[in-house]
Amino acid sequence: MALRELATFAVSATESKGRVYKEDQSDYRSEFQRDRDRIIHCSAFRRLEYKTQVFVNHEGDMFRTRLTHSIEVAQIGRTIARALNVNEDLTEAICLAHDLGHTPFGHAGQDALNNCMKNFGGFEHNLQSLRIVDVLEERYPNFPGLNLTYETREGILKHCSQKNALELGELGKRFIKNNKPSLEAQIANIADEIAYNNHDIDDGLRANLLNINLLSKSVLFEDNLKEVVKKWKTLNERQIRHEVVRRMINYIVSDLIENSRRLIQSYQPGNVDAVRESRQSLIKMGEFIEKKHNDLKRILRKELYEHEQVQLMTEQAKKTIQYLFDAYMKNPILLTDELQERIKENMKSKNERKKARMIADYIAGMTDRFALSEYKRISNQNK
Ligand code: MG
């Protein structure tokens, strides 16, 4: 089969801005295939299996975890990338890496860790994903991190404060200039949203925190449900749920592809730099569907994320993270020997900020169950 030619506005692997540490090219794989493979082999990626998406990992074996979420994001992202003739390998790499920096216990964990770090520069999971691939992974003899290409790192850094952007050099520039990233990065961003909105419906129904009546407040859900029930009279509840979610994803993704095609057509970016310089996103749903999608998001927030059972988990998660952070800061002897050594070295200069960052890196890297077992271990010692 002939190689598919990418659009001129796609990111081309042969014209990558490259890696921080120079490396020889691979004989068989493009630069972005290599990035994707490095991400899949790194330990932060494996740990996503035991990190919460919405439901804490031990609540049930059937729910999404950060890992299965990331795989679903990549699948949606690749479909869109291929349909628009942009770089599928790059899109996949960004999608698979986008949540590497997530703390245990989902957003509750991120908020709690950010609060712990408020006097030490804060904590932001998106920036942490970049920190993992740039610094924290130790896999290669010649450089820290995974030494990914500029384009994959650009995509991983979805948002960034002006202050942090100033410290990031070239990569941070677009947040200062208010530019856009590549189309591949824009696709990964929106594929994330499409994936979680839809799989959270599935998980929420499975957990009985949502029901069909509540979801029918969403036009998007209601319309697709009506079609399914009309077409098949004898489906069971599970089949209905899956068919509705499948149709919703297809409906949104199809609209996104068509609308983005129109936008690209009218903006006519000649190359990826023109994409970056455009002020508007070129990967966008049509207004009508975007509104329906946002309505669904609002309903999920109110009915699922703010559900008292999910909130209970949120409170427990915040307590656990705060407790661990305070305990390690006060008493580093509770940490691994290796980390204690590193902290000792830094404490010669009495650098509390560095110590806090090392502890935040450690906590952020934990899986849900490891954080809970650490909480148990330390609180038992303190009894
Ligand atoms: Mg995500």
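Observations, loosely collected:
- Shape of segment 234-383, Cα gyration tensor, a/c cut at 1.5: oblate
- Approximating the spin labels as points 7 Å out from Cα along Cα→Cβ, the residue 68-to-residue 179 distance works out to 4.0 nm.
- Ellipticity at 222 nm from helices only: DSSP H runs of n ≥ 4 in the chain, each -39500 (n - 2.57), divided by the residue count, give -19000 deg cm²/dmol.
- Extending 7 Å from Cα along the Cβ direction at residue 266 and again at residue 379 yields two label points whose distance is 5.6 nm.
- For segment 149-257, the fraction of alpha-carbon pairs in successive 5 Å shells from zero, as %: 2, 10, 18, 16, 12, 9, 9, 10, 8, 4, 2, 1
- Between residue 7 and residue 135, residue separation times 0.36 nm minus the direct Cα-Cα distance comes to 42.8 nm.
- Dipole magnitude of segment 229-316 about its Cα centre (Cβ charges: Lys, Arg +1; Asp, Glu -1), debye to nearest 20: 460 debye
- Kirkwood analysis of the Cα pair distances in segment 28-308 returns a hydrodynamic radius of 19.9 Å.
- Measuring against 28 Å, Cα to Cα, the residue pairs 177/319; 163/350; 22/51; 118/292 contain 177/319; 22/51; 118/292 as the ones spanning a longer distance.
- With semi-axes defined as the square roots of five times the eigenvalues of the C-alpha gyration tensor, the equivalent ellipsoid of segment 113-187 measures 19, 19, 11 Å, largest first.
- Ordering 228, 271, 248 by the projection of their Cα atoms onto the charge dipole of segment 227-341, which places +1 on the Cβ of Lys and Arg and -1 on the Cβ of Asp and Glu, puts 228 at the extreme positive end.
- Summing Cβ point charges (Lys, Arg +1; Asp, Glu -1) relative to the Cα centre of segment 28-308 gives a dipole of roughly 440 debye.
- Candidate aspartates and glutamates for bridging to residue 355, where Cα separation is under 16 Å - those fewer than 8 sequence places away on the same chain excluded: 326, 337, 338, 341, 345
- Carbon + sulfur, % of accessible area of segment 141-196 - ligands and nucleic acids excluded, 1.4 Å: 50 percent
- Protection-proxy order for peptides 120-127, 309-316, each taking the mean of Cβ atoms within 10 Å per residue, highest first: 120-127, 309-316
- Around the Cα centre of segment 179-296, unit charges on the Cβ atoms of Lys, Arg, Asp and Glu (plus for the first two, minus for the last two) sum to a dipole of about 360 debye.
- Top positive-direction residue, dipole computed over the chain with Cβ charges, set 378, 41, 144: 378
- Among 16, 201, 260 - extreme Cα towards positive end, dipole of the chain, charges at beta-carbon: 201
The values are calculated or read from the model by the stated rules, or taken from the named source; none is laboratory data. Treat the numbers as computed from the prediction; the structure is a model and nothing was measured. Every residue, glycine as well, gets a Cβ built from its backbone with ideal geometry; the counts of neighbours run over all protein chains shown. These accessible areas exclude ligands, DNA and RNA; they are computed on the full protein's heavy atoms, side chains included. Shrake-Rupley method; radii C 1.70, N 1.55, O 1.52, S 1.80 Å.
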